[in-house]
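Peer 1: This is the structure I want to talk about, given as structure tokens.
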Amino acid sequence: MSYRYGEYREGPDPLAPPYDVRSALDQMGDSVLAGANPSHALRDLLKQGLPGAGDRRGLDDLLREVRRRRRELRERGRLDGTLERARALLDKAIGQERAELFPDPSDDARLREAELDGLPSDAASAIQELSGYRWRSAAARQTFEELRDLLRREVLDSQFRGMREALANPDPAAMERVRQMMSALNDMLDRDARGEHTPEDFDAFMSKYGDMFPEAPRNLEELVDLLARRAAATQRLMASLTPRQREELSRLVDQTLDQAGLGEQMRRLGDSLYARRPDLAWNTPERLSGEDPLGMGDAVSALEELADLTQLEAALRQDYPGARLDDIDEAAIRRALGRSAVDDLDALKRIERELERQGYLRRQRGKLELTPKAVRRLGETALRRVFASLDSGRRGDHDQVDAGSAGELTGSTRPWRFGDEQPIDVVRTVVNGVRRGGAAGTVTLSVDDFEVAETERRTAAAVCLLVDLSYSMALRGTWAAAKQTAMALQALVTSKFPQDSVQIIGFSNYARVLQPDELAGLEWDMVQGTNLHHALLIAGRHLDRHPDFEPVVLVVTDGEPTAHLRRNGSAAFEWPPTRETLDLTLAEVDKMTRRRATLNVFMLADDERLRDFVNEVARRNGGRVFSSNADRLGEYVVSDFLRTRRKR
């Protein structure tokens, strides 16, 4: 048989290594562990750019470029340049005509001078009246024709980008071709509105008139989009002028189009474009602060780009519900910032896409969540941070990549069962495969062949971490530390003490059990109340479900109890706390004592009432009280847990 090798063309390379998103996930994790939810963490990552890739800009960098470009456009010039040039050429033509008439003593010359004296003050009306005037001066006639050519080029360029260059040397044939193009364009839009348009119609139109559209649209939708954006910019130009300027320029535009035989076709096109794209800002005024007068075509181009930049800025901010990078128009990025910005945006989109594809992020009912896979990694990161802060001389568990699972090896083995984390006994496993398959031939292994090394059994513990979720935790800046501590403890128990049963309970006005994959996206509660009574009730049920486990109860709070659970299930809140709240809470503490559960309390506030309460808890229960700042909370909690596990 013969084989031929070549480039794989059936899709993505199946042998390519997976896109590395670990650094991006770790950067997101920094925000999550600092108290942000996953949506905000992803937004911060995309705003800052890719970690370790200095040549790839983030959304903030692109946003700064957009804002810089907007400032440049606003300082580019004035919008009334066409009016100013039209008035200047009109005055020049009238001056040249007067200079020709002045030496002539005839009555005809005086009548002509009187006609010039009676011209209206606004340029549009004066040009309208002079359109039938028989010029005596050849120079004045040439200047007036120059004025009319200017208006024709500027007006058409304001509707069709690049038309000014196409009509630089206008002739009747060129204008007739423009009229034919306008008619064909309107007919094509009408057929499309009736559902009769085909791609072949567009291809035929572009083959005949494509040179008039330098943007080279690929289909009718792209053509409509570029024409509508330019038409809307023309309307914004009119809205940005003073009322007198607006009226004068509108009359000039109408006169120019009617004289060119395009008035009706242009109005027909404008109605079609507005009906198709009413979402554009058609009459929103803009203010330009430059000194140089801009021609009508240049002014419309500036306003068109300003509108693009305004929409682009809103999309790049990503500060609205459900914002995604797919909302950012790639064509608008290319027009505004060039090809390199498109590459930067594609790199950011790939990060967002790969985080979801590789199973780190998921969207549930429009809300972004971290998957259990991502939560495990963040928990390990939080745990590494805690261990990094522990004194290196202190005894305790640390990362050891060559260590086995929990407990010391006993020297015996047993068949592997699903969920076992003990090290595999390779020799016994291979021997089982040889015995089953015979000594001759290739040895194949099955699941039944695997054996694991047995280890000493550790005492299992039922662990309860009670975390205060009240709003005061956010106000004091301790919430991020509490969240990171919960994730670190969850990761520690799962990885180092798999036989333990851990339950994390959050409490504010009510208490609730927090699932492991919920911790990363957890936020404080915008309610009043510290219902430690309810949290201890839930923790007691967890301990009761594991009567043979050693009980471990840890409480993280910044305030004394101010709420308790009534018999009907409702929460009673009162501040300062009532005697009933304190008595019910201490009654649950006494129940913990009878369960042989020691309560260790970690105070995150130096409050006299809180100190009195936790001292009473310690007196009744025998537990310890830690007055920790937020920066060392994780270290204190994890160290205390490890001390408790070693003692037992």
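The values are calculated or read from the model by the stated rules, or taken from the named source; none is laboratory data. These figures come from a predicted structure and were not determined experimentally. When we count neighbours, we look across all protein chains shown, and the Cβ atoms used for this are built from the backbone with ideal geometry, even at glycine. Heads up: the accessible areas ignore ligands, DNA and RNA and are worked out on the full protein's heavy atoms, side chains in. Shrake-Rupley method; radii C 1.70, N 1.55, O 1.52, S 1.80 Å.
Peer 1: Can you find a residue in segment 267-275 that is open to solvent by less than 20 Å² (accessible area, probe 1.4 Å), assigned to a helix (DSSP H, G or I) and under 21 Å from Arg334 (Cα atoms)?
Peer 2: Checked segment 267-275: no residue is open to solvent by less than 20 Å² (accessible area, probe 1.4 Å), assigned to a helix (DSSP H, G or I) and under 21 Å from Arg334 (Cα atoms).
Peer 1: Taking the condition of a type outside the set (Gly, Ala, Ser) and open to solvent by 30 Å² or more (accessible area, probe 1.4 Å), does Arg68 pass?
Peer 2: yes
Peer 1: Does Asp326 satisfy the criteria of being assigned to a helix (DSSP H, G or I), under 30 Å from Val66 (Cβ atoms), open to solvent by 30 Å² or more (accessible area, probe 1.4 Å) and in contact with a helix residue (DSSP H, G or I) (Cβ under 8 Å, 6 or more places away or on another chain)? Let's see the steps before the verdict.
Peer 2: Numbers: assigned to a helix (DSSP H, G or I): yes; under 30 Å from Val66 (Cβ atoms): yes; open to solvent by 30 Å² or more (accessible area, probe 1.4 Å): yes; in contact with a helix residue (DSSP H, G or I) (Cβ under 8 Å, 6 or more places away or on another chain): yes.
Yes, satisfied.
Peer 1: Return the only residue of Asp397, Asp346 being modelled with pLDDT under 65 and among the acidic types (Asp, Glu).
Peer 2: Working: Asp346 fails: modelled with pLDDT under 65.
Only one candidate qualifies: Asp397.
Peer 1: Follow-up. Does Gly263 satisfy the criteria of being modelled with pLDDT of 80 or more and not hydroxyl-bearing (Ser, Thr, Tyr)?
Peer 2: Answer is yes for this residue.
So that you can scan it fast, the table gives a plain yes or no per residue for (1) modelled with pLDDT under 85; (2) part of a helix (DSSP H, G or I); (3) touching a Lys or Arg at 6+ places or on another chain (Cβ under 7 Å); (4) of a type outside the set (Val, Ile, Thr):
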{"position": "Tyr209", "(1), (2), (3), (4)": "no, yes, no, yes"}
{"position": "Leu227", "(1), (2), (3), (4)": "no, yes, no, yes"}
{"position": "Leu237", "(1), (2), (3), (4)": "yes, yes, no, yes"}
{"position": "Ser250", "(1), (2), (3), (4)": "yes, yes, no, yes"}
{"position": "Asp254", "(1), (2), (3), (4)": "yes, yes, no, yes"}
{"position": "Gly290", "(1), (2), (3), (4)": "yes, no, yes, yes"}
{"position": "Ala299", "(1), (2), (3), (4)": "yes, yes, no, yes"}
{"position": "Thr310", "(1), (2), (3), (4)": "yes, yes, no, no"}
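Peer 1: Does Glu286 meet the test of being in contact (Cβ under 8 Å) with a residue 24 or more places away in the chain, in contact with a strand residue (DSSP E or B) (Cβ under 8 Å, 6 or more places away or on another chain), under 27 Å from Gln245 (Cα atoms) and not in a helix (DSSP H, G or I)?
Peer 2: Criteria not met by Glu286.
Peer 1: Oh, and also: Got a sec? Which of Ser131, Ser125 is polar (S, T, N, Q) and either open to solvent by less than 40 Å² (accessible area, probe 1.4 Å) or touching a strand residue (DSSP E or B) at 6+ places or on another chain (Cβ under 7 Å) (or both)?
Peer 2: On inspection, the qualifying residue turns out to be Ser125.
Peer 1: For segment 72-147, which helices (runs of 4 or more DSSP H) that fit wholly inside it have 1 or more residues that are within 30 Å of Leu306 (Cα to Cα), of a type outside the set (Val, Ile, Thr) and in contact with a Lys or Arg (Cβ under 6 Å, 6 or more places away or on another chain)?
Peer 2: So the answer is 123-130.
Peer 1: Next up: Return the pair list, or none, for Cβ contacts closer than 6 Å from residues in segment 298-322 that are within 29 Å of Arg363 (Cβ to Cβ) to residues that are open to solvent by 60 Å² or more (accessible area, probe 1.4 Å), at least 6 apart or on different chains.
Peer 2: Ala315/Asp327; Gln318/Arg43; Gly322/Gly366
Peer 1: Checking Glu72 against (1) over 20 Å from Leu237 (Cβ atoms); (2) under 47 Å from the mean Cα position of the chain (by Cα); (3) acidic (Asp, Glu), only one condition comes out false. Which one?
Peer 2: (1)
Peer 1: Answer with yes or no whether Glu369 is open to solvent by 20 Å² or more (accessible area, probe 1.4 Å) and touching a strand residue (DSSP E or B) at 6+ places or on another chain (Cβ under 7 Å).
Peer 2: Answer is yes for this residue.
Peer 1: In the list Gln96, Gln48, which residue meets the criterion of being polar (S, T, N, Q) and closer than 30 Å to Ala341 by Cα?
Peer 2: Gln48
Peer 1: So, in segment 570-597, how many residues would count as being within 15 Å of Pro551 (Cα to Cα), touching a strand residue (DSSP E or B) at 6+ places or on another chain (Cβ under 7 Å) and open to solvent by less than 80 Å² (accessible area, probe 1.4 Å)? Spell out the reasoning first.
Peer 2: Going residue by residue through segment 570-597, those that are within 15 Å of Pro551 (Cα to Cα) are 588-597.
Subset that is touching a strand residue (DSSP E or B) at 6+ places or on another chain (Cβ under 7 Å): 589, 592, 595-597.
When the remaining residues are screened for being open to solvent by less than 80 Å² (accessible area, probe 1.4 Å), the result is 589, 592, 595, 597.
Residues flagged as within 15 Å of Pro551 (Cα to Cα), touching a strand residue (DSSP E or B) at 6+ places or on another chain (Cβ under 7 Å) and open to solvent by less than 80 Å² (accessible area, probe 1.4 Å) within segment 570-597 amount to 4.
Peer 1: Starting from segment 420-442, take each residue that is under 25 Å from Pro498 (Cβ atoms) and aliphatic (A, V, I, L, M) and list its partners that are modelled with pLDDT of 85 or more and in a loop (DSSP other than H, G, I, E, B), counting only C-beta distances under 8 angstrom and pairs at least six apart or across chains.
Peer 2: The qualifying pairs are Ile424/Phe450.
Peer 1: Does segment 244-255 contain at least one residue that is of a type in the set (D, E, K, R), within 30 Å of Ser125 (Cβ to Cβ) and exposed (fewer than 12 other Cβ atoms within 10 Å of the Cβ)?
Peer 2: Initially, segment 244-255 is screened for residues of a type in the set (D, E, K, R), giving 244, 246-248, 251, 254.
Retained after the next criterion (residues that are within 30 Å of Ser125 (Cβ to Cβ)): 244, 246-248, 251, 254.
Retained after the next criterion (residues that are exposed (fewer than 12 other Cβ atoms within 10 Å of the Cβ)): 244.
Yes: one or more hits.
Peer 1: Another question, then. Restricting to segment 579-612, what's the tally of residues that are part of a helix (DSSP H, G or I) and either under 19 Å from Leu554 (Cβ atoms) or in contact with a helix residue (DSSP H, G or I) (Cβ under 8 Å, 6 or more places away or on another chain) (or both)?
Peer 2: From segment 579-612, those part of a helix (DSSP H, G or I) are 579-594, 608-612; that's our starting set.
Those still in the list that are either under 19 Å from Leu554 (Cβ atoms) or in contact with a helix residue (DSSP H, G or I) (Cβ under 8 Å, 6 or more places away or on another chain) (or both) too: 581-582, 584-586, 588-594, 610-611.
Here the count works out to 14.
Peer 1: Looking at the structure I just gave you, is Gly540 in a helix (DSSP H, G or I) and open to solvent by less than 30 Å² (accessible area, probe 1.4 Å)?
Peer 2: Yes, satisfied.
Peer 1: Out of the residues in segment 314-323 that are outside any helix (DSSP H, G or I) and of a type outside the set (A, V, I, L, M), state the one that is modelled with the highest pLDDT. Quick ask: steps written out before the conclusion?
Peer 2: As a first pass, look at segment 314-323 and keep what is outside any helix (DSSP H, G or I): 318-323.
In the following step, the residues that additionally are of a type outside the set (A, V, I, L, M) were identified as 318-322.
Values: Gln318: 77, Asp319: 74, Tyr320: 72, Pro321: 70, Gly322: 68.
That would be Gln318.
Peer 1: Let me ask you something else. Counting just the residues of segment 543-569 that are among the acidic types (Asp, Glu) and open to solvent by 10 Å² or more (accessible area, probe 1.4 Å), which one comes out nearest to Asp606 (Cα to Cα)? Break it down stepwise before answering.
Peer 2: The initial filter retains those residues of segment 543-569 that are among the acidic types (Asp, Glu), namely 544, 548, 550, 558, 560.
Narrowing further to those that are open to solvent by 10 Å² or more (accessible area, probe 1.4 Å): 544, 548, 550, 560.
Values: Asp544: 33, Asp548: 37, Glu550: 31, Glu560: 11 Å.
Among residues in segment 543-569 that are among the acidic types (Asp, Glu) and open to solvent by 10 Å² or more (accessible area, probe 1.4 Å), the one nearest to Asp606 (Cα to Cα) is Glu560.
Peer 1: Within segment 604-625, which residues are crowded, with 19+ Cβ neighbours inside 10 Å, over 23 Å from Trp575 (Cβ atoms) and at pLDDT below 80?
Peer 2: Gly623
Peer 1: Additional query: If you take the residues in segment 150-195 that are under 26 Å from Ala126 (Cβ atoms), open to solvent by 40 Å² or more (accessible area, probe 1.4 Å) and in a helix (DSSP H, G or I), which one is modelled with the lowest pLDDT?
Peer 2: Here the residue is Arg164.
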